[in-house]
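Below is one structure, written out as structure tokens, with a few remarks after it.
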Amino acid sequence: MRTIAVIAQKGGTGKTTISCNIAASAHNAGLRVMIADMDPQGSSTDWARSRQIPGPSVLPLKLGSLFPAQYTAENAGVDLMIIDTRASAPADVVAAAKAADLCLIVVRPTVIDLRAIASTVDVLRPLQRPAAFVVNQAPCQRLSKDPVMVLEAIELLAGYGMAVAPVGIRSRLIYQTAFTRGLSPREAEPDSLAADELERLWTYTLGRLWPAGFRRAPRKTLLADYHADQAMPMPPAGAWMTGAQPTMAAE
């Protein structure tokens, strides 16, 4: 089992939207997925309740129950746990990061968010966990060019010495309308630009978690519906950034 911690010390960055959309992408790729909802607002839990089709399981958790829940999930055959952390809770961030194979730090390309990101980096850096920034709610391109604020945000984030995901999430209405229905944009509007963004974000995340391709590990409990040696190849990389300087993917 692999674990992702979706982190933002500042509220309003959209980390729950990122958590649920990655979870839906993983579920639709055939993985057994669980969201650990550590945010008292319970937005991930509400998203799952609104969902009218099968999807990831969601478990509301408090700080002290994270590690027992992770152990239980792995024993039950969960492939991917996604921890949706709460904002302004350094202890939660530390616990989630320690439990994670990958930390996704969600940040909007605004002055306020970029100033606040330093505190998140200060909490994570001593833990030395694999991490990547995910630029969220970025303005759309104009004439195939990113706004200056997006380019400057990427440059600033790269300066922290952590990876920046090569695809950012744009500010699109479909993210809100799909979320209220318990769906991801890939499920609500499969041919949309948002669906393409999420496909590429999931491909990047999958590659960080399973560099050699996803392979299901045997369960530690005896469950009748388990068949060993189930394998799933990693999706093709597609139009990934290949250089050292991160950029936002084109529209």
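Laboratory data are not the source of any read-out in this text; all were calculated from the coordinates shown. Bear in mind that the values here come from a model prediction, so they are computed numbers and not experimental data. Note that each Cβ is placed from the backbone with ideal geometry, even for glycine, and that neighbours are counted across all protein chains shown.
Seen from Gln52, the other residues with C-beta closer than 13 Å to its C-beta sum to a net charge of +2, counting Lys and Arg as +1 and Asp and Glu as -1. Of the residues Pro40, Gly77, Trp202, the one whose Cα sits farthest towards the positive end of the charge dipole of segment 2-209 is Pro40 (charges of +1 on Lys and Arg Cβ, -1 on Asp and Glu Cβ, taken about the Cα centre). Of the peptides 142-155, 179-192, 109-122, the ranking by mean beta-carbon count within 10 Å, highest at the top, reads 179-192, 109-122, 142-155.
Distant-in-sequence amide contacts of Arg2, defined by a placed amide H-H separation under 5 Å and a gap of 5 or more residues or a different chain, comprise Leu80, Met81. Once both axes come from the Cα atoms, what is the angle between helix 148-158 and the longest principal axis of the chain, in degrees from 0 to 90, rounded to 10? Taking the Cα atoms of the chain, the angle to 148-158 is about 50 degrees.
A Förster radius of 22 Å, combined with the Cβ-Cβ distance separating Ser192 from Gln41, puts the computed FRET efficiency at roughly 0.25.
What net charge do the residues around Ser43 carry, taking every other residue with its C-beta under 11 Å from that of Ser43, with Lys and Arg at +1 and Asp and Glu at -1?
Working: positive: Lys15, Arg49, Arg86; negative: Asp37, Asp39, Asp46, Asp84.
Result for the neighbourhood of Ser43: -1.
In which sequence would Val58, Val78 go, from the one with the fewest C-beta neighbours within 10 Å to the one with the most?
Numbers: Val58 24, Val78 21.
With the fewest neighbours first, Val58, Val78 line up as Val78, Val58.
Stretching the chain fully between Ser88 and Ala76 yields a gain of 1.2 nm (0.36 nm per residue, less the alpha carbon separation). Seen against the Cα atoms of the chain and their longest principal axis, helix 90-99 is set at about 60 degrees. Relative to the longest principal axis of the Cα atoms of the chain, the long axis of helix 111-124 lies at roughly 40 degrees. Taking a sphere under 12 Å around the Cβ of Ala165 and counting the other residues whose Cβ falls inside, with K and R at +1 and D and E at -1, yields a net charge of +1. Listed by Cβ neighbour count within 10 Å, with the fewest neighbours leading, Asp196, Asp79 appear as Asp196, Asp79.
As a check on your grasp of the helix formula, calculate [θ] at 222 nm for the chain: sum -39500 (n - 2.57) over DSSP H runs of n ≥ 4, divide by the residue count, round to the nearest 500.
Numbers: 9 runs with 96 residues, N = 251.
Counting only the DSSP helices, I get -11500 deg cm²/dmol.
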